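Novice: Pasting a structure here, questions to come.
None of the figures in this text is laboratory data; all of them are computed from the coordinates on show. Being a predicted model, the structure only gives us computed values, none of them experimental. Neighbour counts are summed over all protein chains in view; Cβ atoms, including those assigned to glycine, are modelled from backbone coordinates with ideal geometry.
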Amino acid sequence: MYGIGASVGSIFSSFITEYINPKWCYVITACLGLFISLNGICMPMSIEKAKLAISNMSFCARCKLNFREIWQGVKMRELQKSLAFVLLMGALVPNTASYLYYYEIEVGISQF
């Protein structure tokens, strides 16, 4: 669902920016910020109690809890596929941005 929301949101915001007065982007953003703030105010207090329990833990206990939650996340098939994709793209697709920058500064643009 997050992918669909991001795609629809991007298309919607580009439509508003292109065809409608850009001030409406600020109005919509302000309304969304207000909505998020109101949802934060209406959160149940049980969430705060859980936060207090975590903040009272020792450093080692907190690290253990964090690594346990990371390990649970890594076991998710979706995250495994995403990590594999990022690692493969980093290993197989060359990044030539630094070489292009060197070329533009040392060889190309500075010659003119």
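Novice: Once you place label points 7 Å from the Cα toward the Cβ at I70 and N56, how far apart are they in nm?
Specialist: 2.7 nm
Novice: How large are Rg and Dmax for region 1-43 when only the alpha carbon atoms are used, in Å?
Specialist: Over region 1-43's Cα set, Rg and Dmax evaluate to 12.5, 37 Å.
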